[in-house]
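Here the structure is laid out as structure tokens; the discussion comes afterwards.
Bear in mind that the values in this text are calculations on the coordinates, not laboratory data. All values reported here derive from a predicted model rather than from experimental measurement. Methodologically, a virtual Cβ is constructed for each residue, glycine included, from the backbone with ideal geometry; neighbour enumeration extends over all protein chains shown.
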Amino acid sequence: MGPEMRYLSLMQDNPNLTPAAKQRLEVALVVPAGTPPEGRVGVKKLERGQFATVRVRVRLEDYAAQGDRLLADWLPGSGYEPDHRAAMEFYLNNPETDPKGMYEVEICLPVRKLRGV
């Protein structure tokens, strides 16, 4: 686990549409190419594509609203629409060691050009 290690989550469900108890989430690490799976830990190659990305620094209670802002503020006039791939969140700090307890996160929404645009 070196300093280049990146932690992320892959969201399989929209939290605004799926009840919390039914939401699916994969917790992952970015690893070097060729890293073999070991034990109960697998290796998954993510699909390529475009992402709308926003980097935020927020308190836990303000966290969920950030993805909603990307969808509500940027997406409607962007010429893009969400596609089938999982949304991702990259965790860029440890909020327990942050002086203000803030989360620094990169939220990545998979998108594709609107058809007919």
Partners for LYS22 among aspartates and glutamates (Cα-Cα distance below 17 Å; same-chain residues under 8 apart left out) = ASP13
Measure off 7 Å from each Cα along the Cα-to-Cβ vector at LEU46 and ASP62, then give the distance between these two points in nanometres to one decimal.
-> 2.5 nm
How much length, in nm to one decimal, is gained on full extension between LEU114 and LEU17, taken as 0.36 nm per residue of separation minus their Cα-Cα distance?
-> 32.7 nm
Note to self, the chain gives a 222 nm [θ] from helices alone (DSSP H runs n ≥ 4, -39500 (n - 2.57) apiece, / all residues, nearest 500) of -1500 deg cm²/dmol
Toward the positive end of the charge dipole of segment 6-113, about the Cα centre and with charges on Cβ (Lys, Arg +1; Asp, Glu -1), which of ALA33, PRO99, GLY67 goes farthest?
-> ALA33
Semi-axes, largest first, in whole Å: what does sqrt of 5 times each Cα gyration tensor eigenvalue give for the chain?
-> 25, 20, 14
Charge dipole magnitude, Cβ of K and R +1, D and E -1 - the chain, Cα centre, debye nearest 20 = 400 debye
Inter-probe distance in nm under a simple model that places probes 7 Å from Cα toward Cβ, at THR35 and ARG6 = 1.2 nm
Between LEU75 and THR97, what is the spin-label point distance in nm, taking each point 7 Å from the Cα along the Cα→C-beta axis?
-> 3.4 nm
